1. Under a 1.4 angstrom probe, counting protein chains only, how are Arg205, Arg68 ranked by accessible area, largest first?
2. Return a whole-number percent for the relative contact order of the chain, with Cα pairs under 8 Å and 6 or more residues apart as the contact set.
3. Give me the Kirkwood hydrodynamic radius of segment 261-311, using the inverse of the mean 1/r over all pairs of distinct Cα atoms, in Å to one decimal.
4. Bin by bin, in steps of 10 Å, what percent of the Cα pairs in segment 136-266 do you find, going until the bin that has the longest distance?
5. Determine the calculated [θ] at 222 nm for the chain from helices alone, applying -39500 (n - 2.57) to every DSSP H run no shorter than 4 residues and normalising by the residue count; nearest 500 deg cm²/dmol.
6. What is the magnitude of the charge dipole of segment 1-102 about its Cα centre, with +1 placed on the Cβ of each Lys and Arg, -1 on the Cβ of each Asp and Glu, and no other charges, expressed in debye to the nearest 20?
7. Amide H of Ala252 versus every other amide H placed in the peptide plane: which residues, excluding those fewer than 5 positions away on the same chain, fall under 5 Å?
8. As an exercise, take the mean of 1/r over every pair of distinct alpha carbons in segment 1-109, invert it, and state the Kirkwood radius in angstroms.
Amino acid sequence: MQNAALEAFDEKLARAHMRGQWKSEGFLSAAIGGPKPAGFPGKWTWADVMGLMDEAGAVMRESQQARRALMFHNPGLQRGATHTINMGVQMIMPGETAWAHRHSIAAIRFIIEGNSALTTIIDGERCVMEDFDLVLTPNWSWHDHHNKAEKPAYWLDVLDVPLVLNLNQTFYEPGTGEDQPVPGADFSPHARLRYPWRETEPLLRSAMLDAHDGYRHDYLNPATGGPTLPTLSCHVLALPPGFAGAPRRRTASAVYFAMRGAGTLEVGDQTLSFNKSDSLVVPNFVRTRFVNASNTDEALLFSVEDTPVLKALGLYREG
Ligand SMILES: [Fe+2]
């Protein structure tokens, strides 16, 4: 039974723009079991994405400043694929340029169908984008994309948009033309922006087998020895034939792109089957388990996680 004097006092506090800690008791006790997963597990098939991308190419003839990117919207969230990560697929037509801009949002590109004449220029550094290469766009770096080949190019876009927006730290600056400004005298180059697949694959092949992720390679920033970006870490996983992963629950959220092969990802009470070029979304604090039922073919997956943010804040947990 509520104490009438306390109720009156709560109202008095409210008029003074204060609130007793005791009013938050329900909020805190609801968190005894840990965080509530934000949004739903999700899958976007390559066939669906390509069908709609063909239409996007027809209705949006020029990419220019606004990129021709289809971003995946988790129906359980206001925005984003997870509560911290945006994910989608971008297409650039033959001969096309996506004009320069920069923003405090950081991004990575993982190339699905690239070529030697496909480039992103990042703060003056020219990064070629061939199949399965990883190219980083650290926050506030100028970037423009150019496809000088005669076929369309596709890549995975992953950004920390929901995180940066929720922290209310959004800055944006458009370029004044197709190309970005030339870096000035005070410019310090980035440690590493491009991770070619031909260098990554041998590192994956020398990785130890992990009970949860199969063979797993973590992309590293050579300047820090830590993750690729302060907000997003990138990984590649190889699930060998017959792999039945151990289940795991982490406070991190993650997105996956199937590079080769097929398999299933159990996420909470759902089982998502995936084939080549499908995309998967795993909310925070949901139990997951990978299975590759094939007797002959491995499954390769690229992934991006928000783990670096949680580790930096001392909030990462797994078990
Ligand atoms: Fe951008």
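1. Values: Arg205 115, Arg68 5 Å².
Output order, biggest surface exposure first: Arg205, Arg68.
2. Values: 739 pairs, mean separation 55.7, N = 319.
Rounded, it is 17 percent for the chain.
3. One decimal place: 12.2 Å for the Kirkwood radius.
4. The distribution over segment 136-266 is 8, 31, 35, 19, 6, 0, given as percents.
5. On the way: 6 runs with 52 residues, N = 319.
It lands at -4500 deg cm²/dmol.
6. On the way: 11 positive and 9 negative charges, 58 e Å.
Taking the Cα centre of segment 1-102 as origin, the dipole is about 280 debye.
7. Phe285, Arg317
8. Details: mean 1/r = 0.0533 Å⁻¹.
Across segment 1-109, the inverse of the average 1/r is 18.8 Å.
The values are calculated or read from the model by the stated rules, or taken from the named source; none is laboratory data. The structure presented is a predicted model; accordingly, all values stated were derived computationally and were not measured. Because the Cβ atoms are built from the backbone with ideal geometry, glycine has one as well, and the counts that use them run over all protein chains shown. Surface areas here come from the heavy atoms of the whole protein model, side chains and all, with no ligands, DNA or RNA. Shrake-Rupley method; radii C 1.70, N 1.55, O 1.52, S 1.80 Å.
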